[in-house]
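First the structure, in the form of C-alpha cells, and then the observations on it.
The values are calculated or read from the model by the stated rules, or taken from the named source; none is laboratory data. Please read these numbers as outputs of a predicted model, since none were measured by experiment. With ideal geometry, Cβ positions are generated from the backbone for all residues, glycine too; neighbour counts draw on all protein chains shown.
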Amino acid sequence: MHRPVLALALLALSQVLAMTLWFSATAVLPSLQQAWELSATGAAWLTAAVQLGFVVGALASALTNLPDVLPPRRMLWLSALGGAFANLALALLGLVHGRRRPTSAVMRPQARWDHG
C-alpha cells in the first residue's frame, strides 16, 4: 500500500473499531441492568470490570514484550479478536444455561454485585 492517506485512514478506522470493545459495556448497560436486574452498584462493578480487563491486558502485553514480538497489524487483530470472543462467550453463556443473566462462573447476580 503506497498511498499514505489510505493507509492512515484504514489504521484510524481499525483503531476506532477495536476501541468499540472498550465502550460496549457502557453502550448496552441500560439493557443489561434490566435483563440481569442489576442495581446501580452492580452496573458500576460491571463497567469497572471491563475497564480492569483492558488494563490487565495492556499490562500483560507490555510485560511480555508482545508489541516488539508481533507485527502491529497482528497485535491489533489478535487483540480485537480476543475481545470479540470474550463478549461472545459472555453472551453464549447466558444462552447455554437458558438464563437472561450470567451464571456464577462469570458473575454472581445480586449476591456478589449488589451490596447497596
Next on the checklist: Exactly one condition in (1) under 12 Å from the mean Cα position of the chain (by Cα); (2) without any contact (Cβ under 8 Å) to a residue 24 or more places away in the chain is false for L93; which is it?
Outcome noted: (1)
Checklist entry - Quick one: would you say L81 is exposed (fewer than 14 other Cβ atoms within 10 Å of the Cβ) and either at pLDDT 80 or above or aromatic (F, W, Y) (or both)? => result yes
Checklist entry - From the residues in the stretch 42-66 that are over 15 Å from A25 (Cβ atoms) and either in contact with a His (Cβ under 7 Å, 6 or more places away or on another chain) or small (G, A, S) (or both), which one is surrounded by the most Cβ atoms within 10 Å (Cβ to Cβ)? => result S61
Item to check | Identity of the residue in the stretch 67-76, among the aliphatic types (A, V, I, L, M) and more than 24 Å from A25 (Cβ to Cβ), that ends up surrounded by the most Cβ atoms within 10 Å (Cβ to Cβ) | outcome: L70
